[in-house]
């Protein structure tokens with residue numbers, strides 16, 4: 001009876017150890033499951049973090065997308081404005097094209113008028129050819145007048161050369177007259193000086209010898225007579241010089257008159273030549289006129 005509690009205790013211990021082992025097994029299983037649960041929770045947290053990061057990135061992407069959509073809308077709005085401007089330009093282009101077509105129509109009308117005018121011009125050219133034949137005849141007569149004009153101009157140049165030679169001789173005569181006048185004045189000055197000295201000497205010796213004073217007066221009168229004669233000769237020389245000047249001026253006047261007549265003839269010549277150029281065929285008449293003028297200039 002006394003061993004029954006021990007056995008019961010032993011049994012209880014055994015049952016307790018079994019219970020403890022079973023509890024330990026359960027606890028170890030529970031630890032393993034808890035460890036797995038913690039690993040799953042960590043993985044879950046990591047997934048949540050990545051999910052949050054992805055959400056954040058998606059939010060940024062959405063903002064960028066919204067900004068792009070806003071820019072797209074603005075660009076579409078600008079595109080619509082550009083389309084309106086393009087349509088307005090297209091409308092103006094069509095109006096301009098319409099005006100161009102109207103201008104072409106008017107240009108065709110002008111071309112028709114130009115063709116009519118060209119036909120009239122051909123008729124006028126035919127008439128001008130006939131007039132050019134008449135102008136050539138007038139040119140022949142004009143050339144004859146030009147030859148006569150050249151001969152007159154040649155004679156005018158010869159007269160001018162002779163007039164220049166005469167002017168040269170007159171200038172030489174003037175030079176000689178001036179030299180003679182200077183010599184005559186020098187002689188008069190010397191004679192007056194001698195007379196003055198003799199008069200002074202005669203006045204000093206008037207009480208000594210009155211005949212010397214009379215002789216001095218006589219000499220002074222003789223010198224004055226000679227001086228008057230020389231002045232008359234000088235006046236004659238001046239009169240001749242003035243007559244030569246008058247003749248020279250007359251020659252110049254005639255020369256200027258002849259030059260004016262020559263210029264008037266040349267003016268009439270150029271006037272008739274211009275009339276011939278208008279009447280004659282342009283190329284042929286201009287060529288002939290240039291040849292004639294070249295010959296005339298070469299002769300002159």
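Residue 60 - would you say it is on the phi < 0 side of the Ramachandran plot, within 40 Å of the chain's Cα centre (by Cα) and free of Cβ contacts under 8 Å to residues at least 60 places away in the same chain? Walk me through how you get there before you give the answer.
Numbers: on the phi < 0 side of the Ramachandran plot: yes; within 40 Å of the chain's Cα centre (by Cα): no; free of Cβ contacts under 8 Å to residues at least 60 places away in the same chain: yes.
Here the answer is no, as residue 60 does not meet what is asked.
Going residue by residue through segment 74-87, is there one that turns out to be assigned to a helix (DSSP H, G or I) and within 41 Å of the chain's Cα centre (by Cα)?
The first filter runs over segment 74-87 and keeps only residues assigned to a helix (DSSP H, G or I), leaving 74-87.
Okay, now just the ones that are also within 41 Å of the chain's Cα centre (by Cα), so none.
No, the conditions are met nowhere in segment 74-87.
Read-outs: derived from the displayed coordinates by stated rules, not from any lab. Computed from a predicted structure; not experimentally measured. All Cβ positions, even for glycine, are placed from backbone atoms using ideal geometry, and neighbour counts span all protein chains on display.
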